[in-house]
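Working notes, structure below.
Since every read-out is calculated from the coordinates, none of them should be taken as a lab result. The model shown is predicted, which means the values in this text are computed figures rather than measured ones. Neighbour counts are summed over all protein chains in view; Cβ atoms, including those assigned to glycine, are modelled from backbone coordinates with ideal geometry.
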Amino acid sequence: MPPIGVFGGTFDPVHFGHLRLAEEMADALGLDRVLFIPAGQPPHRGAPRTAASHRLEMVRHAIAGNPRFVADACEVQRPHPSYTVDTLTALRAELGNAQPLWLLLGADAFLDLPSWHDWRRLFELANIAVAERIGARLMQSDAIMEPLKSEVLQRQPADGPATGPAGSVLLRAMPPLDISATAIRNILARHGSARYLLPDAVLDYIHTHQLYTST
Ligand code: ATP
């Protein structure tokens, strides 16, 4: 049963850092597809400035033409806060317990994990793949602290795609793309060019709908 990737984010807006992470993980883990799941109401950060419908539509534009990438509206459609643990529980119910799932995370999101709702259960529901910066080995750094460090150490470390449905952790070095949605929003707010930081189709959508230009 080919594994499926689950990639959540605010995607305000989606950019090449997100797309590259998903593409590299899809290759490394042999993912059949990657579900891009824009958060509706992120519980662990301030409200996104852009309506969820726009953020979902930008993801759709960004991934058009990539047969492995799928935009998933499940969190956007939920009326209550979208916890990742709820999303994975719903996916498990839909896909069954045997389906290998990989939750894809950037290093910053991973280090923040203990602040997420019911975070230890994430390891029961999915495998977790973390993109770490080349040279910055998370487990050997001071960046990872308890209780996350112990949780990862007691998990079976994965060094490749051949794993079970859940419970493994993969830390994968990836060439960093120093792009953030915050930086893109700032550039657009001062009417600068964000070209080559995100797909042209997303930029066209942003300009058509006049997103991010007023502060
Ligand atoms: P913001 O600047 O608004 O905080 P962001 O660019 O960090 O946004 P998010 O939607 O918050 O984007 O991130 C979704 C996921 O993508 C997280 O797991 C995050 O770690 C990861 N991510 C974001 N930017 C990059 C990047 N340049 N390279 C690799 N992973 C990234």
Just rank Thr208, Thr84, fewest to most, by other beta-carbon atoms within 10 angstrom. Thr208, Thr84
Between 0 and 90 degrees, rounded to the nearest ten: what's the tilt of helix 84-95 against the longest Cα principal axis of the chain? 70
Rounded to the nearest 500, what is the 222 nm mean residue ellipticity of the chain from helices alone, with -39500 (n - 2.57) per DSSP H run of 4+ residues and division by all residues? -10000 deg cm²/dmol
So, with points 7 Å from each Cα along the Cβ direction, the His207-Asp178 label distance in nm works out to 2.7
From the square roots a ≥ b ≥ c of the eigenvalues of the alpha-carbon gyration tensor of the range 69-190, which class results: rounded (a/c under 1.5), prolate (a/b over b/c), or oblate? oblate
Translational diffusion coefficient, Stokes-Einstein: compute it for the range 121-215 using the Kirkwood radius over C-alpha pairs as Rh, at 10 °C and 1.306 mPa s, and state it as an integer in µm² s⁻¹. 97
Picking from Ala73, Leu122, Thr87, whose Cα lies most toward the positive end of the charge dipole for the range 55-164 (charges on Cβ: Lys, Arg +1; Asp, Glu -1)? Ala73
Taking R0 as 25 Å, what FRET efficiency do you get between Asp32 and Trp116 from their Cβ-Cβ distance, rounded to the nearest 0.05? 0.45
Using θ = phi - 60° and the Karplus form 6.51 cos²θ - 1.76 cosθ + 1.60, what ³J(HN,Hα) does each residue of the range 56-64 get, whole Hz, x for Gly and Pro? 5, 5, 5, 4, 4, 5, 5, 9, 3
Gyration tensor verdict on the chain (Cα atoms; rounded if a/c is under 1.5, prolate if a/b is larger than b/c, oblate otherwise): prolate
With charges only on Cβ, +1 for K and R and -1 for D and E, what is the dipole size of the chain about its Cα centre, in debye, rounded to 20? 280
Pairs of Cα atoms under 8 Å, at least six residues apart: use those to get the relative contact order of the chain, whole percent. 24
